[in-house]
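After the structure tokens below, expect a handful of questions from me.
Values quoted throughout were computed directly from the atomic coordinates according to the rules given, and no laboratory measurement underlies them. All values reported here derive from a predicted model rather than from experimental measurement. Backbone-built Cβ (ideal geometry, glycine too); neighbour counts: all protein chains shown.
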Amino acid sequence: MLRTPQTSDYPAWAELRAASRDFLTPWEPLWATDELSRTSFRRRVRHYLRDLREDVGYALFIFAAATESLVGGLTLCNVRRGVTQSCTLGYWIGAHYAHQGYMTAAVRAVIPFVFDSLELHRLEAACLPTNTASIKLLEKTGFKREGLARRYLRINGVWQDHLLYALLDTDTRR
């Protein structure tokens, strides 16, 4: 199940992120000192809601349907209209829920939203060349590798190369 984050999600989010910190650290920007605070989470939710209102980003939390437990999240950010009609996919999964199909199901569920509801043409994603789980996820869900971006994002405090992937509205959906 996918839905927009709410301030009432804070306890589950903070617990899942704290328990998954070591698992997530190699793949994410450095965490702020107050990363898991309630105040930081409220700011995050306000930012998500502003992006949604302005049609520049869509944040969604992923819940296990059977238990309604928070398992991770994904974002559609940098929504670009005009001649581009594209956005960028980002995602994270709690350590306990990795390799169980939750993220594959979430990405598959969000693809029709991107192409049919938002009417975008292109969905982009990037991952570290060492992140075999993300490479498998993107390729399993139909993304095509398009190249390498040198020192593309600052992950875990270091500018790192990323593999670039994209899925077009005309590509076969899996």
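Assuming R0 = 30 Å, what is the FRET efficiency of residue 171 and residue 50, from their Cβ-Cβ distance, to the nearest 0.05? Could you put the intermediate results ahead of the total?
Details: r = 31 Å, r/R0 = 1.03.
After rounding, the FRET efficiency stands at 0.45.
Ignoring everything except DSSP H segments at least 4 long, calculate the 222 nm mean residue ellipticity for the chain; use -39,500 (n - 2.57) per segment, divide by total residues, nearest 500.
On the way: 5 runs with 50 residues, N = 174.
Calculated mean residue ellipticity at 222 nm is -8500 deg cm²/dmol.
Among 163, 110, 94, pick out the residue whose Cα is farthest towards the positive end of the charge dipole of the chain, where Lys and Arg carry +1 and Asp and Glu carry -1 on C-beta, about the Cα centre.
The one lying farthest along the dipole's positive direction is 163.
Okay, moving on. For residue 25 and residue 154 in the same chain, what is the full-extension length gain: residue separation times 0.36 nm, less their Cα-Cα distance, in nm? Please list the in-between numbers first.
Values: separation 129, 0.36 × 129 = 46.44 nm, distance 1.20 nm.
Length gained between residue 25 and residue 154: 45.2 nm.
Check which residues have an amide H placed less than 5 Å from residue 155's amide H, if you skip close sequence neighbours.
Residues meeting the criterion, in which the H sits 1.01 Å from N, are 160.
Another question, then. Rounded to the nearest 20 debye, what is the charge dipole size of region 35-105 about its Cα centre when +1 sits on each Lys and Arg Cβ and -1 on each Asp and Glu Cβ?
Details: 9 positive and 5 negative charges, 69 e Å.
Around 340 debye, computed over region 35-105.
Just to confirm my numbers, what's the Cα centroid distance between region 72-111 and region 129-146 in Å?
Between the Cα centre of region 72-111 and that of region 129-146, the gap is 12 Å.
With +1 on the Cβ of every Lys and Arg and -1 on the Cβ of every Asp and Glu, and nothing else charged, how large is the dipole of region 2-124 about its Cα centre, in debye rounded to the nearest 20? Before the final figure, lay out the partial values.
Working: 14 positive and 13 negative charges, 55 e Å.
The calculation lands at about 260 debye.
Name the most mobile residue of 100, 85, 160, meaning the one with the largest mean-square fluctuation, in a Gaussian network model of the chain with Cα contacts below 10 Å.
Maximum among the listed residues: 100.
With a cut-off of at most 11 other beta carbons within 10 Å, and DSSP calling the residue loop, which GluC sites (Glu not before Pro) in region 39-129 qualify? Please list them.
Details: sites: 54, 68, 119, 124; in loops: 54, 68, 119.
Those that pass, being in a loop and sparsely packed, are 54, 68, 119.
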